[in-house]
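Undergrad: Attaching a single structure in structure tokens format; questions to follow.
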Amino acid sequence: MNSIFSEPFFTVLFGGTLTASTPIILAAIGEDFVESGGILNLGLEGMMLLGAFTAFIAALITENVYIGLLSGMAAGVVLGLLFGYLVIYLKINQIVAGLGIGLFAIGITSLLFRILFGAEFPVIPDITDKTAIPLLSKIPYASSIFNQHLITYISWILLPIAWWVLYKTSFGLNVRAVGENPAAADVHGVNVYRTRYLTLLFEGVLAGLGGAFLSICDLSFFVFHMTQGRGFIAIAVVMLAKWNPAGIFYGAFLFGICHSLTYGLQILGLDVPREFILMLPYVAVIALLCILARNTRFPAAFCNPYERE
């Protein structure tokens, strides 16, 4: 039995934490822009799931990880366009439209997977090697931190870039203005519809990439509803971060470390029900959401459709 201070335990814990947090970070960055623009997209879970399925099929057929990742991103964009059409132009209730998108993705991916593979569960060949950073990947206890998939490193880089775009550029100012007072933003020449659509397209790219990472880079296979609520966790993380991309990492890290305990406790040899450990990430995020987000100030135009006069 290994000690809690043993190197194998920390290696598994840190490595699993960062891998599990990657899809959350990517999806949460996109949702941050969308919610800052005044839209709540509960269809984020469906965007990730369809991205995971499409990426898996493309990578399985072509045996090319990059084609798979691009396909997953394209699938996310398609659902982003669909959701935008429903809530921006048709003015459908955002909660209803988002849940509908999510249920559609669950149904269509399950149906197509059964049609294509029946009871079989194919696995993608070894085409998703991790990228070790020289020297840093040799550090004791922390070696797994610097031996991650390329997409994980990209997600880290995207966090400061997202903060800079949202708070230091004219586009970010337009997004936040649309979320606070779309009528005033419209008067000052900001195209409210286009701005909100662009945020949804951006979210579609990142949500699709997050789902693709899950099915290709993390697991190398697809199972029914494999996202398991990660889209909703990403929405909660955005609210915990109070719409600041700088705080997204901490919420995603919390989810990741709770998730990786499943494997860490196996290293320690502790007999803890696996179902209990799998429940921990969701309980932890919900508890923090109840404690820290009670006084959170939402954008003034949050969830309100805009009708130009």
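Here is a yes/no grid of residues against (1) within 17 Å of G210 (Cα to Cα); (2) surrounded by fewer than 22 Cβ atoms within 10 Å (Cβ to Cβ):
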{"site": "A59", "(1), (2)": "yes, no"}
{"site": "I67", "(1), (2)": "yes, yes"}
{"site": "V78", "(1), (2)": "yes, yes"}
{"site": "F83", "(1), (2)": "no, no"}
{"site": "I92", "(1), (2)": "no, yes"}
{"site": "I95", "(1), (2)": "no, yes"}
{"site": "L99", "(1), (2)": "no, yes"}
{"site": "I106", "(1), (2)": "yes, yes"}
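Undergrad: May I pose another question? Yes or no: L90 at pLDDT 95 or above and hydrophobic (A, V, I, L, M, F, W, C)?
TA: no
Each row is one residue, and each column tells you yes or no for (1) of a type in the set (A, V, I, L, M, F, W, C); (2) touching a strand residue (DSSP E or B) at 6+ places or on another chain (Cβ under 7 Å); (3) more than 24 Å from N304 (Cβ to Cβ).
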{"site": "N64", "(1), (2), (3)": "no, no, yes"}
{"site": "G68", "(1), (2), (3)": "no, no, yes"}
{"site": "M73", "(1), (2), (3)": "yes, no, yes"}
{"site": "L82", "(1), (2), (3)": "yes, no, no"}
{"site": "Y85", "(1), (2), (3)": "no, no, no"}
{"site": "I95", "(1), (2), (3)": "yes, no, no"}
{"site": "L99", "(1), (2), (3)": "yes, no, no"}
{"site": "I106", "(1), (2), (3)": "yes, no, yes"}
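Undergrad: Inside the stretch 214-245, can you point out the residues that are surrounded by fewer than 24 Cβ atoms within 10 Å (Cβ to Cβ), of a type outside the set (F, W, Y), assigned to a loop (DSSP other than H, G, I, E, B) and in contact (Cβ under 8 Å) with a residue 12 or more places away in the chain?
TA: S220, V223, H225, M226, G229, A241, K242, N244
Undergrad: With respect to Q228, determine if the residue is out of contact with any Phe, Trp or Tyr (no Cβ under 7 Å at 6 or more places or on another chain), at pLDDT 75 or above and of a type in the set (S, T, N, Q).
TA: yes
Undergrad: Kindly indicate whether A252 is under 30 Å from N191 (Cα atoms), in a helix (DSSP H, G or I), at pLDDT 75 or above and not hydroxyl-bearing (S, T, Y).
TA: It is false that A252 is under 30 Å from N191 (Cα atoms), in a helix (DSSP H, G or I), at pLDDT 75 or above and not hydroxyl-bearing (S, T, Y).
Undergrad: Among the listed residues L70, L86, L79, identify the single one that is in contact (Cβ under 8 Å) with a residue 24 or more places away in the chain and not hydroxyl-bearing (S, T, Y).
TA: Matching residue, one of L70, L86, L79: L79.
Undergrad: For the stretch 275-306, how many residues are touching a Lys or Arg at 6+ places or on another chain (Cβ under 7 Å) and at pLDDT below 80?
TA: 1
Undergrad: On to the next question. Please work out which one of (1) touching a strand residue (DSSP E or B) at 6+ places or on another chain (Cβ under 8 Å); (2) modelled with pLDDT of 95 or more is the condition S215 fails and give its number.
TA: Going through the list (1) touching a strand residue (DSSP E or B) at 6+ places or on another chain (Cβ under 8 Å); (2) modelled with pLDDT of 95 or more, S215 breaks only (2).
Undergrad: Quick one: what pairs do we get from the stretch 41-64, first residue within 17 Å of D129 (Cα to Cα) and acidic (D, E), second part of a helix (DSSP H, G or I) and modelled with pLDDT of 95 or more, C-beta under 6 Å, 6+ apart or different chains?
TA: If the second residue must be part of a helix (DSSP H, G or I) and modelled with pLDDT of 95 or more, no pairs are left.
Undergrad: So, in the stretch 12-26, of the ones that are modelled with pLDDT under 85 and not aromatic (F, W, Y), which residue ends up nearest to A132 (Cα to Cα)?
TA: Filtering the stretch 12-26 for residues that are modelled with pLDDT under 85 and not aromatic (F, W, Y), the one nearest to A132 (Cα to Cα) comes out as G15.
Undergrad: Within the stretch 173-195, how many residues are in a helix (DSSP H, G or I), in contact (Cβ under 8 Å) with a residue 24 or more places away in the chain and not β-branched (V, I, T)?
TA: So the count comes out to 7.
The values are calculated or read from the model by the stated rules, or taken from the named source; none is laboratory data. Keep in mind that what you see is a predicted model, and the values were worked out from it rather than measured. All Cβ positions, glycine included, derive from the backbone under ideal geometry; neighbour counts span all protein chains shown.
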